[in-house]
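A.B. asks: Handing you a structure now.
What follows draws every value from the coordinates through simple rules; no lab data is involved. Keep in mind that this is a model prediction, so the values were computed, not measured. All Cβ positions, even for glycine, are placed from backbone atoms using ideal geometry, and neighbour counts span all protein chains on display.
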Amino acid sequence: MKLCATSSVKAAPWLFLAPFLLIFGAFTAWPLARSLILACQQTFGPTNTVFVGLDNFRFLLTDPLFWTALQNTFVYALSSVTLQLPLALGLALLLNRPSLRGRTLYRLIFFSPSLVGLVFAGIIFSIIFEKRTGLVNVGLHRLFPVFDLDFPWLQNYVMPALILASLWMYVGFNMIYFLAALQNVPRELEEAAMIDGANAWHRFRHIILPEIKPVTSFVVLLSLIGSFQLFELPWALLSGPGPENRGLTIVMYLYQTGFLTNDLGYASAIGWVLAVILFTLALTQQWFNRKETRS
Amino acid sequence: MNNSFNSTTSSPSPSARRLLSHTLIHSVLILAAIITLIPFAWLLASSIKTSADFFTSVFLPTGTGWGGIAWDRLTLGHYERLFLELGIARNLLNSFFISSVTALGATLAASMGGYALAKFRFTGSSIVTSIVLAALIIPAPLLLAPGYLFIYQLGLLDSYTGLLLPAMAPAFGVYLFRQAIWNSVPDEILESARIDGAGEFRIFFTLVVPLMRPMIGAFLLITFLGMWNNFIGPQVIFQSPELFPLSVSINQLKGVYSQDYGLIMAGTVISIAPVLCLFLLLQREFISGLTAGAVKG
């Protein structure tokens with residue numbers, strides 16, 4: 001239908017694709033292939049390499065730092081997502097009224113923190129969570145005088161501090177997706193249920209929730225993928241991995257091994273473990289979606 | 001709409017109930033808005049206080065001025081130091097430069113690629129489409145070490161090119177543009193332009209680009225923001241401080257002047273204010289772009 005036989009039209013799509021394909025080939029496809037080889041090498045800097053086979057992966061299994069990183073990342077991902085998404089959905093439900101005054105302003109305010117880069121957010125929160133002078137401790141101490149001004153967020157409560165910071169950043173961001181989904185729920189459906197005497201909870205549980213399921217599963221996957229790649233926020237918040245590596249994440253460990261101890265091979269092996277975790281998550285989501293549509 | 005469903009409820013005083021629920025909703029929303037805005041307000045206040053006032057007041061220092069605030073004790077000294085002594089203008093300029101060039105390059109490559117996949121039938125198009133889809137699930141950190149190695153081998157370490165070139169092939173963007181062009185550019189106008197003898201590139205730039213303006217605007221913003229906030233890329237590729245964007249230089253500043261809170265906060269204000277302003281100006285494009293697809297971190 002749109003096929004022309006002239007040679008200019010035959011060459012045209014390749015010319016349009018050329019910039020993308022050339023750069024993608026050089027800087028994504030080639031490094032991806034190279035990373036498979038690199039993961040089987042031990043390196044010191046970019047020039048000294050030794051082939052070690054699967055030793056990197058074998059070493060990973062018994063590397064206590066890697067297990068710490070893995071554990072921290074899982075705890076962060078699961079707890080931040082389980083807190084973030086209900087709050088985001090809650091705000092979206094409150095905002096999803098065409099007659100609500102100041103709707104655009106609220107949406108703007110809630111969304112604004114996600115524009116702040118993770119490094120900058122980490123720096124802001126590193127001072128907000130300071131002992132004695134930080135906003136959180138001073139504020140909580142003024143509201144509840146029993147609260148200890150020296151509460152050691154960045155020393156002993158690294159994970160709660162990280163999760164709170166991530167709530168500030170991402171609740172509004174996820175709210176945007178839920179809001180878009182809620183706006184597509186047919187209004188007649190809700191009104192019909194209301195006439196039938198369904199209360200707010202029932203309307204939410206049996207009408208809204210099933211209608212926004214595809215978006216919810218997409219947002220869950222997106223948040224998990226993002227959480228598993230966490231690096232800059234704790235790196236800036238703690239100026240490193242934190243006391244006893246309490247803020248060490250998978251990507252932070254990858255960065256440390258690749259660029260501070262200069263073993264690009266071991267870093268690639270860590271990268272592949274991360275990739276496998278993310279592929280598994282994506283496949284699980286696909287499987288869930290397919291099961292849902294079948295039943 | 002609201003009135004119509006109110007008439008269906010049989011409550012004794014629907015207007016009173018409605019008022020109550022509205023008050024409740026607004027209280028929750030206002031509380032959430034305050035929690036969201038407090039870090040911004042605190043950041044701004046800390047950046048214009050002297051070090052002494054930082055430790056004695058939570059927001060602005062109290063005094064005898066208007067509203068009980070010591071306005072005369074506020075200072076722009078931290079900003080002065082950043083610009084005059086620490087040369088932050090250079091980092092600000094670097095951030096603008098790398099973000100703008102990335103945004104333009106990535107948007108051009110992605111829109112042209114997406115157009116080719118949406119509107120041409122050619123041998124290999126399905127293979128390219130599968131590659132683009134497969135690339136969406138490659139986590140960026142996996143490419144960090146091999147990408148660095150390749151840029152080293154090309155001799156592009158510590159250069160703008162080494163950071164910018166790899167950022168200009170976003171598979172995610174090609175996919176977004178493919179979907180958008182598929183849906184909103186009719187085949188007929190392309191055909192009639194071809195019959196009129198217009199060249200392929202002229203068709204793209206004079207017909208397709210204007211039709212895709214909202215999408216192009218959104219993608220420019222998203223890629224600009226992505227590079228502005230990128231830390232790990234410039235941290236790994238750049239070694240010379242004169243190339244550093246704000247993300248790297250402010251993080252270093254925090255390492256060197258860790259106790260000088262006012263200075264660090266002023267640097268952070270300089271780093272986040274431009275993107276917040278940009279967003280305020282163009283928020284509609286931004287949000288439509290976000291919900292059109294997804295932002296890949």
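A.B. asks: Treating only the Cβ atoms of Lys and Arg (+1) and Asp and Glu (-1) as charged, compute the dipole magnitude of chain A about its Cα centre; round to the nearest 20 debye.
C.D. replies: Around 760 debye, computed over chain A.
A.B. asks: Checking the a/c ratio against 1.5 first, then a/b against b/c, what shape does the Cα gyration tensor give for chain B?
C.D. replies: Verdict is oblate for chain B.
A.B. asks: Further question on the same structure: Local charge sum around residue A:176 (other residues, Cβ-Cβ under 15 Å, Lys/Arg +1, Asp/Glu -1)?
C.D. replies: +2
A.B. asks: A follow-up question, please. Anything in chain A that counts as a DSSP H helix reaching 27 Å or more along its axis (C-alpha) with Kyte-Doolittle mean of at least 1.6? List them, would you?
C.D. replies: A:158-182
A.B. asks: Given H placed on each backbone N at 1.01 Å, which residues far from residue A:41 in sequence or on other chains put an amide H within less than 5 Å of it?
C.D. replies: The answer is A:52.
A.B. asks: Now for a different question. Report the net charge of residues surrounding residue B:77, where surrounding means a beta-carbon distance below 15 angstrom and charges are Lys +1, Arg +1, Asp -1, Glu -1.
C.D. replies: Neighbourhood net charge equals -2.
A.B. asks: So which aspartates and glutamates can residue B:49 reach, going by Cα to Cα under 18 Å and dropping same-chain residues fewer than 8 places off?
C.D. replies: Within reach: A:130, B:72, B:80, B:260.
A.B. asks: Taking amide H atoms as placed 1.01 Å from N in the peptide plane, list the residues 5 or more away in sequence, or in a different chain, whose amide H sits under 5 Å from that of residue B:62.
C.D. replies: Result for residue B:62 returns B:70.
A.B. asks: Restricted to Cα positions, what overall size does region B:2-75 have along the principal axes? Three whole-Å values, descending.
C.D. replies: 61, 23, 16
A.B. asks: Checking the a/c ratio against 1.5 first, then a/b against b/c, what shape does the Cα gyration tensor give for region B:1-157?
C.D. replies: Since a/c reaches 1.5 but b/c is at least a/b, the shape of region B:1-157 is classed as oblate.
A.B. asks: Across peptide B:269-280, how many C-beta atoms of other chains are within 10 Å of each residue C-beta, on average?
C.D. replies: 3
A.B. asks: Sticking with this structure for a sec: Treating only the Cβ of Lys, Arg, Asp and Glu as charged (+1, +1, -1, -1), what charge dipole size does region A:159-295 show about its Cα centre? Round to the nearest 20 debye.
C.D. replies: 260
A.B. asks: To the nearest Å, what is the center-to-center distance of region B:95-137 and region A:129-178, using C-alpha atoms only?
C.D. replies: 40
A.B. asks: Something else: So what's the gap between the Cα centers of region B:58-76 and region B:220-238, to the nearest angstrom?
C.D. replies: Taking the Cα centre of each part, region B:58-76 and region B:220-238 sit 37 Å apart.
A.B. asks: Of B:239, B:83, B:142, which is farthest towards the positive pole of region B:81-292's charge dipole, taken about the Cα centre with +1 and -1 on the beta-carbons of Lys, Arg and Asp, Glu respectively?
C.D. replies: Final value for the positive-end residue is B:142.
A.B. asks: Next question. Be a star and scan region A:56-90 for residues whose amide nitrogen sits under 17 Å from the point 7 Å along the Cα-to-Cβ vector of residue B:35.
C.D. replies: Output list for this probe position: A:79-90.
A.B. asks: Okay, next question. Label points 7 Å out from Cα along the Cβ direction at residue A:188 and residue A:217: separation in nm?
C.D. replies: 2.7
A.B. asks: Restricting attention to the alpha-carbon atoms of the protein assembly as shown, what are Rg (one decimal) and Dmax (integer), both in Å?
C.D. replies: 26.0, 82
A.B. asks: In what order do B:282, A:36, A:278, A:230 fall by count of nearby beta-carbon atoms within 10 Å, going from fewest to most?
C.D. replies: Ranked by crowding around the Cβ, least crowded first: A:36, B:282, A:278, A:230.
A.B. asks: Out of the chymotrypsin sites (Phe, Trp or Tyr not before Pro) in region A:124-178, which ones are loop residues according to DSSP with at most 16 other C-beta atoms within 10 Å?
C.D. replies: Here the sparse-neighbourhood loop sites are A:147, A:157.
A.B. asks: Follow-up. Among B:73, A:187, rank each residue by its count of other Cβ atoms within 10 Å, from fewest to most, as a rough exposure measure.
C.D. replies: The fewest-first ordering by Cβ neighbours comes to A:187, B:73.
A.B. asks: Something else about it: Relative contact order of chain A: what whole-number percent is it, with Cα pairs under 8 angstrom and at least 6 residues apart?
C.D. replies: Relative CO of chain A lands at 28 percent.
A.B. asks: Through the Karplus equation 6.51 cos²θ - 1.76 cosθ + 1.60, θ set to phi - 60°, convert the phi angles of region B:76-84 into ³J(HN,Hα) values in whole Hz; use x for Gly and Pro.
C.D. replies: 9, x, 5, 5, 4, 4, 4, 7, 7
A.B. asks: Which one, A:256, B:172, A:185, projects farthest toward the positive side of the charge dipole computed for the protein assembly as shown from Cβ point charges (K/R +1, D/E -1)?
C.D. replies: Positive-end residue among those listed: A:185.
A.B. asks: Can you return the aspartates and glutamates within cross-link range of residue A:10? Criterion is Cα-Cα under 19 Å, with same-chain partners fewer than 8 residues away left out.
C.D. replies: Cα-Cα hits under 19 Å: B:187, B:188, B:191, B:196, B:200.
A.B. asks: From the convex hull of the Cα coordinates of chain A, what is the mean projected area in square nanometres?
C.D. replies: Approximately 24.4 nm², given one-decimal rounding.
A.B. asks: Among B:178, B:18, A:101, what is the fewest-to-most ranking by other Cβ atoms within 10 Å?
C.D. replies: Fewest-to-most Cβ neighbours within 10 Å comes out as A:101, B:18, B:178.
A.B. asks: Then there's this: May I ask for the net charge around residue B:217, where only other residues with Cβ less than 15 Å from the Cβ of residue B:217 are counted and Lys, Arg are +1 while Asp, Glu are -1?
C.D. replies: +1
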